[in-house]
Every structure is written in C-alpha cells, then in structure tokens.
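One structure below.
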Amino acid sequence: VGVDSTLSIQGSTLEHGYGQHGGCIYASSGKGISIDTSVFRHNEASFGGAIFTSYLTTFKVKNSDFYQNSSSQSGDDILIGNGDEAIIGPGVSFLGESDLTRVSVEATTKVTIKGIIMDRLQQTQEGNENEQNRGTKQELSETDLDEQNQTKQFIAKYLEQNPILNNRYTYKDFFDESPAVVFPSETFSDKSPIVILDGTNIEISHSVFRNQRSASLAGALQLRWLNGFDNVGRENRSASVDTSFFIDNTSIDGPGALDLENPPQLTLVNNTFVRNVSLQAKGGAIDFSCPSKSCEVNIKQGTSTSQFTNNISKQAGGAFYWSDIGPKIDEGAIAFVDNFSNFGPN
C-alpha cells in the first residue's frame, strides 16, 4: 500500500506470507487500511509478522483473528509506526503462542484498542497440541479450582455486560477445563505482548489479557512515554484503561500485568486483575514509575470497583507498586483481596 492509496480486506484468510516488513501487508504513507472478518495465520517477517504500517493515516481491524504469526524483531502480529490513528477491535483475537511483542505501536497519535481477546493458551486445535508439547500438565488443587470458578463468574458477568465481545465469545472460550500448563522459564520472551510507545491519545477498553508472559517487561501490556515531554505537549497527551481483565499473566523481571512508565495523564477504571505474578520484580499486577516527575495516574470509581485478587510480587507491591509519584485514587475505587509480596501485600 503506497502513497495516498487505501486497502480494504473482508472475509479473507491470509496465511504463509513472508517479507522483511509485513508477512502479508506492508503499508507506507497510505491513506488507510480497513480489515474486517479475516484471519491471519502462519505469516512471518522481520518486522510485523502479519502486518507492518508506517506513516499511515488510518489503520482499522475488527472481527478478525491472529495466530501463529511471527517476527524476528518486533510485532509478531502487527507493527504500527508513526501513524495518525490505529483502531484495533472490536472482536479481534490474538491467540496462541508468541515469542515477541504481538502488537507494537510507536509514535501514533490516536490508539484505540477495544473489545480484543489476547490469550496464549486458547487457540486452534493445532496450537493446543503445540502448547501441550511445550508445557507440563499439572492437576489443579481445590483452591485453584475455586479460584478458576470465581474467574469464570467474572468473565461471564463481564461478557453479559459487554455485547461487543459477547457476540463472538462465551466464558467457555477461556476455560477448556483441562489441567493448567506450566511453562519453563526459557519460553519467556523479553518483550511485552502489547507495547505502545509515545502515543498521544490511548484508549484501551473492554478487553481480556490472559496467560501472557514476558521475561523483562510487563506480562501483558507496556505503556511507555519517553522523558522528553516534561514541559512540552504533556497536557495534550492522555491514556485510559477501562473495563478490562488481566488474568494469569506473568513476568520475570517486570510487573505481572501492566507497566505504566512516565504517563502524562492516565486513568484506570473498572478493571480486574486476577492471579498476575511478578517473579523477581515489583508490582504483581501494576508497576507505575515517573522518572520525569510530571506524571498523573488517576484510579477512578466507575460503575464497578477495580478488583485486585491473588496477585503476587516477589519484591514489593503484591497488587500495585509505584515509585517517585503515587496515583490519585478515588475513595472506594479499588478492592484488594489476598494479594501478596515480601514487602507490602497490596
């Protein structure tokens, strides 16, 4: 897709593609790409295993599935750079195994991620067989089964309240009733599944991030702003994470689920964090750092309370850790249940 051109894809399966930038789609300086009801699988590239875009006016994908795509550098499924607007969802799934960042978005003005499913274990039968070969099955204890049942109830209620996802998924899609799979540490990538760098306006909502992992960054989602915005442009930058689930995500040297680095203005509301783990670092669910000293994180009271349940950190902040500047928390906006760390359970 070249200068001033557009591309529309609907009802298609794109597979076994290969390229340096974008195994299936490469777009630079075009007006827009629109994708609906399509499947991207078994594609490979150095950057953007399925899709690579640069300086694109608008990128939109909805009601589509990505699995078993790979990149050698970044963006196993999608890599977006220097665009005006990126809209991912509703009804987009990223399923199965991934070795690097699945979705990488850099220096894009407006980023909207709404109604997506990202689940490492839930996938095609072919993918399930591959996962079983990688891991070791373990029988669930009565406590684990009870926690799993509670999470099922969370998901069922969540889907009932959010028809965007309920059109395509039920809670059974997240729980196949098989024993848990325990992954060896060498299968952890040094990337986060989703990395968004220096976005101007970021909105993430009504999504599920489950069974993701990283060796050194956040287990599920990395939101990062560089330090150069201390006095220039920060007032015009904002981000929000709303009505989303972070379940069973793990990082070795990063927070279990979500890393907020130097956010200019960020709001968290109506989110649920269950059984996320930081094996050797801080923040079982969330780590918030503000090296620029000019950050703002607000945890708001929404239609429901944000839940932090059974999250674990080896160092500090079983649920939530922050340094430099703390978040502003509305009264009643957070409920902590059975989180754990060596220093500060919540």
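The values are calculated or read from the model by the stated rules, or taken from the named source; none is laboratory data. These figures come from a predicted structure and were not determined experimentally. Every residue, glycine as well, gets a Cβ built from its backbone with ideal geometry; the counts of neighbours run over all protein chains shown. Calculation scope for accessible area: heavy atoms of the full protein, side chains included, ligands and nucleic acids excluded. Shrake-Rupley method; radii C 1.70, N 1.55, O 1.52, S 1.80 Å.
Identify all residues within the range 305-335 that are under 21 Å from the mean Cα position of the chain (by Cα) and farther than 27 Å from GLU235 by Cα; write none if there are none.
THR305, GLN307, PHE308, THR309, ASN310, ASN311, ILE312, SER313, GLY317, GLY318, ALA319
Listed here are the residues, each with its yes/no results for (1) open to solvent by 10 Å² or more (accessible area, probe 1.4 Å); (2) among the aliphatic types (A, V, I, L, M); (3) in contact (Cβ under 8 Å) with a residue 24 or more places away in the chain.
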position	(1), (2), (3)
GLN265	yes, no, yes
ALA281	yes, yes, yes
LYS293	yes, no, yes
PRO327	yes, no, yes
ALA333	no, yes, yes
PHE336	yes, no, yes
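Tell me, please, whether a residue that is open to solvent by less than 10 Å² (accessible area, probe 1.4 Å) and touching a residue at least 60 places away in the same chain (Cβ under 8 Å) can be found in the range 227-250.
Yes: one or more hits.
Restricting attention to the range 268-279, which residues are assigned to a loop (DSSP other than H, G, I, E, B) and either open to solvent by less than 10 Å² (accessible area, probe 1.4 Å) or under 19 Å from ARG224 (Cβ atoms) (or both)?
Going residue by residue through the range 268-279, those that are assigned to a loop (DSSP other than H, G, I, E, B) are 270-271, 275-276, 279.
Hits for the range 268-279 are ASN271, ASN276.
So which residues in the range 80-92 are free of Cβ contacts under 8 Å to residues at least 40 places away in the same chain and within 20 Å of ARG120 (Cβ to Cβ)? So that I can check it myself, show each step before the final result.
Applying the first criterion (free of Cβ contacts under 8 Å to residues at least 40 places away in the same chain) to the range 80-92 yields 80-88, 92.
If the condition is that a residue be free of Cβ contacts under 8 Å to residues at least 40 places away in the same chain and within 20 Å of ARG120 (Cβ to Cβ), then ILE88, VAL92 are the ones that fit.
Which of the residues that make up the range 240-267 are part of a strand (DSSP E or B) and over 27 Å from GLN280 (Cβ atoms)? Walk me through it before giving the result.
As a first pass, look at the range 240-267 and keep what is part of a strand (DSSP E or B): 240-242, 245-247, 250-251, 258-261, 266-267.
Residues satisfying the conditions are SER240, ASP242, THR267.
Name the single residue, out of those in the range 304-322 being in a loop (DSSP other than H, G, I, E, B) and in contact (Cβ under 8 Å) with a residue 40 or more places away in the chain, that is surrounded by the fewest Cβ atoms within 10 Å (Cβ to Cβ). Can you show your working first?
The initial filter retains those residues of the range 304-322 that are in a loop (DSSP other than H, G, I, E, B), namely 304-305, 310-311, 317-319.
Still in the running and in contact (Cβ under 8 Å) with a residue 40 or more places away in the chain: 310-311, 319.
Values: ASN310: 22, ASN311: 32, ALA319: 30.
Here the residue is ASN310.
Residue check, ILE286 against (1) under 20 Å from the mean Cα position of the chain (by Cα); (2) without any contact (Cβ under 8 Å) to a residue 60 or more places away in the chain; (3) over 16 Å from SER240 (Cβ atoms); (4) open to solvent by less than 30 Å² (accessible area, probe 1.4 Å), all met but one. Which one?
That leaves (3) as the condition not met.
What number goes with the only condition from (1) free of Cβ contacts under 8 Å to residues at least 40 places away in the same chain; (2) within 16 Å of THR101 (Cβ to Cβ); (3) not aromatic (Phe, Trp, Tyr) that ASN69 does not pass?
(1)
Any idea which residue in the range 256-275 is modelled with the highest pLDDT, counting only those that are more than 20 Å from VAL111 (Cβ to Cβ) and over 13 Å from the mean Cα position of the chain (by Cα)?
My answer is THR272.
In this structure, does LYS314 turn out to be at pLDDT 90 or above, farther than 13 Å from ILE286 by Cβ and not hydrophobic (A, V, I, L, M, F, W, C)?
Values: at pLDDT 90 or above: no; farther than 13 Å from ILE286 by Cβ: yes; not hydrophobic (A, V, I, L, M, F, W, C): yes.
So LYS314 fails the test.
Pick from SER29, SER34, SER74: which is out of contact with any Leu (no Cβ under 7 Å at 6 or more places or on another chain), modelled with pLDDT under 90 and of a type in the set (Ser, Thr, Tyr)?
SER29
Those residues that are surrounded by fewer than 24 Cβ atoms within 10 Å (Cβ to Cβ) and touching a residue at least 60 places away in the same chain (Cβ under 8 Å), I need them from the range 94-107; list them, please.
Residues satisfying the conditions are ASP99, LEU100, GLU106, ALA107.
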